[in-house]
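The values are calculated or read from the model by the stated rules, or taken from the named source; none is laboratory data. Nothing here was measured: the structure is a model prediction, and the numbers come from that model. When the accessible area is computed, the model is the full protein with side chains, heavy atoms only, and any ligands, DNA or RNA have been set aside. Shrake-Rupley method; radii C 1.70, N 1.55, O 1.52, S 1.80 Å.
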Amino acid sequence: RLLLEPRLAAIAASRATEADMARMEDCVRKGQLSSDGATSQKCGDLLHRAIAQATRNNLLLSLFEMIYAVREATTWGRLKPALLTATRLEKQWNEHRAIVQAIRERDSSASAQIMRQHIDDVKLELTRIAEGDDG
């Protein structure tokens with residue numbers, strides 16, 4: 001994810017259509033309004049997929065889909081429910097909103113940087129959970 005998704009965000013910043021932006025913004029809106037952690041997480045997954053789709057690059061989209069399929073079958077898939085606390089979800093949605101804003105502003109560099117930080121943050125949280133530090 002760290003190798004692929006920042007690049008997807010950067011490409012989406014230059015290629016996203018108004019319909020793509022509306023889809024991304026809808027995912028953010030629905031995810032933030034959701035009171036159910038699983039629904040919020042699903043909106044997050046849909047947002048990341050919408051960003052990948054906005055690249056208009058079938059090879060990159062296929063790589064994205066493979067990574068998401070693999071992660072569900074690994075430790076990440078088992079640890080994911082622990083990420084669904086109100087505090088963690090709020091932080092993730094703030095990051096998601098910032099990514100979408102950078103894409104809307106056509107700022108490829110910021111889009112990539114914010115996405116990289118977002119994925120690093122999720123990785124750090126998962127590592128803490130896996131090590132028993134649910135902090």
> Using the alpha-carbon atoms, what tilt in degrees (0 to 90, nearest 10) does helix 37-54 show relative to the longest principal axis of the chain?
Replying inline: 30 degrees
> Relative to the first principal axis of the alpha-carbon coordinates of the chain, what is the inclination of helix 58-72, with its axis defined by its Cα atoms, in degrees from 0 to 90 and to the nearest 10?
Replying inline: 10 degrees
> In Å², what does the accessible area per residue of the chain work out to with a 1.4 Å probe?
Replying inline: 53 Å²
> What is the helix-to-structure angle for 5-15, meaning the angle in degrees between its Cα long axis and the longest Cα principal axis of the chain, kept from 0 to 90 and rounded to the nearest 10?
Replying inline: 30 degrees
